[in-house]
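Derivation of every value follows stated rules applied to the coordinates shown; laboratory data play no part. Worth saying up front: this structure is predicted, and the values here are computed from it rather than measured. Here the Cβ positions follow ideal geometry from the backbone for every residue, glycine too, while neighbour counts run over all protein chains shown.
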Amino acid sequence: MHPNPAFRNESRDRHLGFARSRPFGTLAVNADPAPLLSHVPFLLTEDGTSADLHLVRSNPIARAGDAPAVIAVTGPDAYVSPDWYGIADQVPTWNYVAVHLRGRLERLPDDAMRDMLDRQSAAYEARLLPKPVWMPDKMAAEAMEKLLRAIVPFRLHVDQVDGTWKLGQNKTDEVRLAAASHVADGFGSEPEALARLMERPLGDAPGS
């Protein structure tokens, strides 16, 4: 997380709303000689106290079992050129949004896997309406059994929620908006979305 408090003033509810709107992140646990990482979809509870996810049985994190863990959820990001501020003595930077869900990863019983698949499928497919909802029961029983043997369910019990919304809050409105007008023409991940966030009145961001 960025240490500048100017970028860390959003509420826990806003962080959770953001994570819920982008339910895909990087799961990390400590290991020797280096942390273990896995990129996972997850299903966050309404109160933000836990996130359900599954891993391929052969994943090293799955073999590690219960452990302290974090899911890092990243949003739009983009390079910001000093020229775009319209004032002197600026330096290059990178603006971004990120939320970290920290807690304890718990291995759930194998028989919890099917229910988790049903809940994840229902939640994700609901975003595609009016498309007919796909559910796991549309699979042949043999295919489903094979899938369930290959994956294992986990739950992250969330103890701490941190977020950084680095959108130029340390600049005046005029300077921040001047930079925002150029960000979409630059590069990064979803620079257009980042520009829209920078253009909003501070404290008015999606996911609230």
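List of remarks:
- Within the stretch 12-32, considering residues that are surrounded by 13 or more Cβ atoms within 10 Å (Cβ to Cβ) and assigned to a loop (DSSP other than H, G, I, E, B), the one farthest from the chain's Cα centre (by Cα): Ala31
- Ala78 vs. criteria more than 17 Å from Asp162 (Cβ to Cβ), touching a Ser or Thr at 6+ places or on another chain (Cβ under 9 Å), surrounded by 20 or more Cβ atoms within 10 Å (Cβ to Cβ) and of a type outside the set (Lys, Arg): yes
- The stretch 94-116: number of residues that are free of Cβ contacts under 8 Å to residues at least 24 places away in the same chain and under 24 Å from the mean Cα position of the chain (by Cα): 1
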